[in-house]
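Here is the structure we will look at, set down as structure tokens.
The values are calculated or read from the model by the stated rules, or taken from the named source; none is laboratory data. Just so it is clear, the structure is predicted and the values come from calculations on it, not from any experiment. All Cβ positions, glycine included, derive from the backbone under ideal geometry; neighbour counts span all protein chains shown.
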Amino acid sequence: MKLHEFDSKKIFAQYGVPVPKGKIAKTPKEAGEIAKKLGGAVVVKAQVLVGGRGKAGGVKVVKTAKQAQDAAKQILGMDIKGLPVRKVLIDPAIGIASEIYLGITNDRAARQPVMIASAAGGVDIEEVAATNPEKIIRVHVNPLLGLQDYNIRDLAVGIELDRNHWAAFHTICKGLWEAYKNSDATLAEINPLVITKDNELLAIDGKMLIDDNAIFRQPKLAKLRDMDEETPAETQARKSGLTYIQLDGEIGCMVNGAGLAMATMDIIKLFGGEPANFLDIGGGANAEKVAAALRIILQDKNVKAVLFNIFGGITRGDEVAKGILAALKTIKTDVPMVVRLAGTNAAEGRALLADANMITAETLAEAAQKAVQAAKGK
Amino acid sequence: MGILADKNTRVVVQGITGNEGLFHSQRMLEYGTQVVGGVRPGKGGEWVLDGKVPVFDSVKVAVDATGADCSMIIVPLAAAADAMLEAADAGVRLIVCLTEGIPLQDMMRVRAYLDSKGVLLIGPNCPGLLTPGQTKIGFIPGDNAIPGNIGVVSRSGTLTYEVLYALKQVGMGSSTTVGIGGDPVKGLNFIDILQMFEEDPLTDKVVMIGEIGGSDEEKAAEYISKHMTKPVVGFIAGRAAPPGKRMGHAGAIVEGSAGGAEDKIAALTKAGVRVADYPEQIPDMLK
């Protein structure tokens with residue numbers, strides 16, 4: 001789950017990271033009022049959960065409250081990479097001497113958190129990583145020990161940070177680490193961490209990603225979810241415990257397991273169809289979950305055929321069949337359905353579906369071909 | 001014998017009294033797995049599965065009483081990290097964790113601790129392992145596989161079943177099948193299992209099933225080109241997946257451009273691996 005810049009910086013601040021004293025505005029008028037209170041030049045920043053908003057024109061530095069209101073009016077109407085801008089952050093404009101990158105993420109290959117710093121912070125940090133990798137300093141953190149003081153010194157020395165800033169940098173690194181750890185983050189990033197013209201360190205932009213697997217124990221963060229990140233169907237799916245991603249094709253898919261769901265999409269494409277969605281009902285799904293999944297698939301008006309590909313392991317074929325039958329009792333549809341059940345309790349499942357007027361298939365290839373044909377009305 | 005477990009492997013099941021625990025333990029017993037005990041704190045002293053399997057309050061007590069060398073974990077996710085640590089401390093050699101949805105930071109801590117104890121882990125979020133004809137630890141459907149000379153290692157549970165099923169249709173069988181699980185931080189990875197297959201006298205050919213995300217398949221490709229003499233056939237799921245919306249730069253800095261299906265397929269092909277377009281092509285490619 002992604003957090004907005006404003007929420008991320010608020011969390012960082014709770015752990016002692018210095019951030020600008022800005023506020024959120026939902027209307028141009030509010031933006032003007034906030035700018036007036038802050039006094040002087042401000043920066044108006046679109047709050048959208050996508051990178052590259054500065055380059056897309058979603059960040060503007062202005063000198064007066066009136067200009068802030070105008071900038072907010074412009075930005076609040078924008079659509080950045082498909083996401084509507086509903087909020088802007090008004091931060092005091094900062095005189096920047098230099099920009100540092102500071103972030104923590106998980107190095108899955110090393111199976112450890114890694115803290116990354118660079119003296120070449122700012123919007124082009126990924127390019128720096130690709131072209132001048134020596135400018136990126138990485139320090140792995142032992143997950144059993146947590147961030148150690150020497151880890152921070154290694155970073156400070158690595159980026160040749162002026163010694164006058166070491167104490168402040170130490171506080172910021174510690175704070176960022178605590179924010180990462182206590183929030184179950186998979187990313188906590190300050191870019192840029194600026195050295196101001198007044199020679200202070202300040203986190204002027206922040207991002208956090210929260211581990212979806214840990215949301216159950218992060219109730220406060222769960223409330224910060226931005227629904228614009230998902231389509232309504234995706235929200236509905238998440239609430240039913242399903243993983244669903246809407247796509248543009250015409251063949252709805254219901255599959256158990258992410259790998260098989262992807263392979264099912266791949267094979268639909270291979271045989272000339274286009275998948276309408278990715279849908280993983282997960283392991284051990286019960287009839288209720290399957291019924292919810294089918295309702296979500298059929299809400300998509302582009303769907304011309306549905307392909308069920310269930311290879312039971314922990315998921316039982318009979319449970320899936322019960323779910324399909326339960327859903328079909330409440331939804332009237334003439335969309336053709338192709339069912340392929342195999343594995344645990346598949347025979348029981350097939351028996352339950354025998355009278356349900358469905359196209360059956362033995363193999364994945366056969367199922368995909370039949371679904372592609374059915375979608376073409378053949 | 002299989003690379004990790006055989007008919008002599010003695011298994012305790014943590015979480016045996018839950019619905020899923022009972023259902024799959026029953027299937028394992030029917031398959032011939034030595035399910036020698038179960039663990040459920042607060043239910044020690046009871047017997048389950050028609051009085052065949054004793055339940056203990058802790059893994060330590062279960063291991064002492066039964067001589068188990070393997071623990072299979074099928075507990076609710078909030079208890080899973082604790083269950084793995086408990087199993088490691090109780091002295092089992094191998095842990096198979098089926099539970100799905102464990103927070104990533106918990107997994108990093110658990111893996112670091114297990115490594116310090118020298119305990120092997122399969123999973124989490126995996127279907128477990130199957131040594132056809134001998135033992136299954138997990139929920140890979142046993143009747144979909146027959147014994148044979150093909151080692152199967154997979155990041156995806158249900159895709160594993162597809163492959164075993166397709167192999168069986170043409171009379172081909174597996175020496176050992178390992179579902180390593182799809183989580184970013186896990187126990188044994190492709191490289192570990194590939195090395196075991198390379199050294200295993202009963203394995204002649206290997207099937208490796210990967211998917212998009214991370215760089216484990218690219219690392220496996222490097223390993224295969226340097227160290228493997230046995231032929232490998234691969235499959236990568238996710239060619240049709242749309243590129244994910246990404247935020248933040250740290251992931252890109254750590255992993256570079258790795259992770260896409262085409263990159264993985266290219267890396268494997270370069271390493272001499274034949275990569276299938278869909279799972280049912282695999283048996284032909286092994287001939």
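Just checking, does region A:346-353 include any residue being surrounded by 18 or more Cβ atoms within 10 Å (Cβ to Cβ) and in contact with an Asp or Glu (Cβ under 8 Å, 6 or more places away or on another chain)? Yes. Of all residues in region A:126-143, those that are touching a residue at least 24 places away in the same chain (Cβ under 8 Å), within 9 Å of another protein chain (Cβ to nearest Cβ) and surrounded by fewer than 18 Cβ atoms within 10 Å (Cβ to Cβ) total 1. B:F23 passes every criterion in (1) more than 23 Å from A:N213 (Cα to Cα); (2) in a helix (DSSP H, G or I); (3) more than 14 Å from every other protein chain (Cβ to nearest Cβ) apart from (3).
Only one of B:K287, B:K226 is surrounded by fewer than 18 Cβ atoms within 10 Å (Cβ to Cβ) and modelled with pLDDT of 95 or more; which? Quick ask: steps written out before the conclusion?
Values: B:K287 fails: modelled with pLDDT of 95 or more.
None of the other options fit; the residue is B:K226.
Residues in region B:26-38 that are under 18 Å from the mean Cα position of the chain (by Cα) and assigned to a helix (DSSP H, G or I): B:R27, B:M28, B:Y31. Of the helices (runs of 4 or more DSSP H) lying entirely inside region B:49-159, those carrying at least 2 residues that are over 25 Å from B:P283 (Cβ atoms), more than 8 Å from every other protein chain (Cβ to nearest Cβ) and touching a strand residue (DSSP E or B) at 6+ places or on another chain (Cβ under 6 Å) are B:59-66, B:77-90.
The set of residues from region B:160-169 being within 8 Å of chain A (Cβ to nearest Cβ) and free of Cβ contacts under 8 Å to residues at least 40 places away in the same chain comprises B:Y161, B:Y165. Only strands (runs of 3 or more DSSP E) whose full extent lies in region A:42-147 are considered here, and the ones with at least 3 residues that are under 30 Å from B:Y113 (Cα atoms) and out of contact with any Phe, Trp or Tyr (no Cβ under 6 Å at 6 or more places or on another chain) are A:96-107, A:112-118, A:136-140.
Can you find a residue in region A:85-102 that is in contact (Cβ under 8 Å) with a residue 12 or more places away in the chain, within 12 Å of chain B (Cβ to nearest Cβ), touching a strand residue (DSSP E or B) at 6+ places or on another chain (Cβ under 7 Å) and surrounded by 23 or more Cβ atoms within 10 Å (Cβ to Cβ)? Yes, region A:85-102 has at least one match.
Is it true that B:M72 is closer than 13 Å to B:V39 by Cβ, in contact with a Cys (Cβ under 7 Å, 6 or more places away or on another chain) and modelled with pLDDT of 95 or more? Before the answer, list the steps.
On the way: closer than 13 Å to B:V39 by Cβ: yes; in contact with a Cys (Cβ under 7 Å, 6 or more places away or on another chain): no; modelled with pLDDT of 95 or more: yes.
Taking the combined requirement at face value, the residue does not satisfy it.
Criterion first (part of a strand (DSSP E or B), within 12 Å of chain B (Cβ to nearest Cβ) and within 30 Å of A:Q373 (Cβ to Cβ)) does A:I245 satisfy it? So A:I245 fits the description; yes.
All conditions but one from (1) surrounded by 19 or more Cβ atoms within 10 Å (Cβ to Cβ); (2) out of contact with any Leu (no Cβ under 8 Å at 6 or more places or on another chain); (3) part of a helix (DSSP H, G or I); (4) not aromatic (F, W, Y) apply to A:I172; the one that does not is (2). When the residues of region B:191-215 are filtered to those that are more than 11 Å from B:T229 (Cα to Cα) and charged (D, E, K, R), the one that is farthest from the other protein chains (Cβ to nearest Cβ) is B:D200. What are the residues in region A:68-104 that are among the charged types (D, E, K, R) and under 21 Å from A:V194 (Cα atoms), if any? Result: A:D91, A:E99. Each residue in region A:218-237 was checked for being under 26 Å from A:V290 (Cα atoms) and surrounded by fewer than 16 Cβ atoms within 10 Å (Cβ to Cβ), and 6 of them qualify.
Within region A:180-194, identify whether any single residue is in a loop (DSSP other than H, G, I, E, B) and either buried (at least 19 other Cβ atoms within 10 Å of the Cβ) or over 31 Å from the mean Cα position of the chain (by Cα) (or both), and answer yes or no. Checked against the condition, which is being in a loop (DSSP other than H, G, I, E, B) and either buried (at least 19 other Cβ atoms within 10 Å of the Cβ) or over 31 Å from the mean Cα position of the chain (by Cα) (or both), region A:180-194 yields at least one hit.
In summary, A:L209 fulfils each of the numbered conditions (1) crowded, with 21+ Cβ neighbours inside 10 Å; (2) in contact with a Gly (Cβ under 7 Å, 6 or more places away or on another chain); (3) over 30 Å from B:A79 (Cβ atoms) with the single exception of condition (3).
Report yes if some residue within region B:229-237 is buried (at least 24 other Cβ atoms within 10 Å of the Cβ), under 19 Å from A:G312 (Cα atoms) and in contact with a helix residue (DSSP H, G or I) (Cβ under 7 Å, 6 or more places away or on another chain); otherwise report no.
Residues of region B:229-237 that are buried (at least 24 other Cβ atoms within 10 Å of the Cβ), as a first pass: B:232, B:234-237.
With the extra rule that they be under 19 Å from A:G312 (Cα atoms), the set shrinks to B:237.
From what is left, the residues that are in contact with a helix residue (DSSP H, G or I) (Cβ under 7 Å, 6 or more places away or on another chain) are B:237.
Yes, region B:229-237 contains a residue that is buried (at least 24 other Cβ atoms within 10 Å of the Cβ), under 19 Å from A:G312 (Cα atoms) and in contact with a helix residue (DSSP H, G or I) (Cβ under 7 Å, 6 or more places away or on another chain).
A single member of A:A68, A:A120 is without any contact (Cβ under 8 Å) to a residue 40 or more places away in the chain, small (G, A, S) and within 14 Å of chain B (Cβ to nearest Cβ), and it is A:A120.
With respect to the conditions (1) among the hydrophobic types (A, V, I, L, M, F, W, C); (2) within 14 Å of chain A (Cβ to nearest Cβ); (3) closer than 23 Å to B:G157 by Cβ, B:V35 falls short on a single one, namely (2). With respect to (1) within 21 Å of the chain's Cα centre (by Cα); (2) among the aliphatic types (A, V, I, L, M); (3) buried (at least 20 other Cβ atoms within 10 Å of the Cβ), the lone exception for A:V123 is condition (3). Against the conditions (1) touching a Gly at 6+ places or on another chain (Cβ under 9 Å); (2) closer than 21 Å to A:F169 by Cβ; (3) not β-branched (V, I, T), A:A97 satisfies every one except (1). Determine, yes or no, whether A:K45 is at pLDDT 95 or above and either within 14 Å of chain B (Cβ to nearest Cβ) or within 14 Å of A:P92 (Cβ to Cβ) (or both). Criteria met by A:K45.
Of all residues in region B:147-206, those satisfying the criterion of being surrounded by 24 or more Cβ atoms within 10 Å (Cβ to Cβ), under 21 Å from B:R111 (Cα atoms) and polar (S, T, N, Q) are B:S154, B:S156.
Away from chain A (no Cβ under 12 Å), within 20 Å of B:G179 (Cα to Cα), modelled with pLDDT of 95 or more and surrounded by fewer than 24 Cβ atoms within 10 Å (Cβ to Cβ): does that describe B:R40? First the steps, then the outcome.
Details: away from chain A (no Cβ under 12 Å): yes; within 20 Å of B:G179 (Cα to Cα): no; modelled with pLDDT of 95 or more: yes; surrounded by fewer than 24 Cβ atoms within 10 Å (Cβ to Cβ): yes.
Judged against the criteria, B:R40 is not a match.
Look at A:R295 and say whether it is out of contact with any strand residue (DSSP E or B) (no Cβ under 8 Å at 6 or more places or on another chain) and without any contact (Cβ under 8 Å) to a residue 40 or more places away in the chain.
Yes, satisfied.
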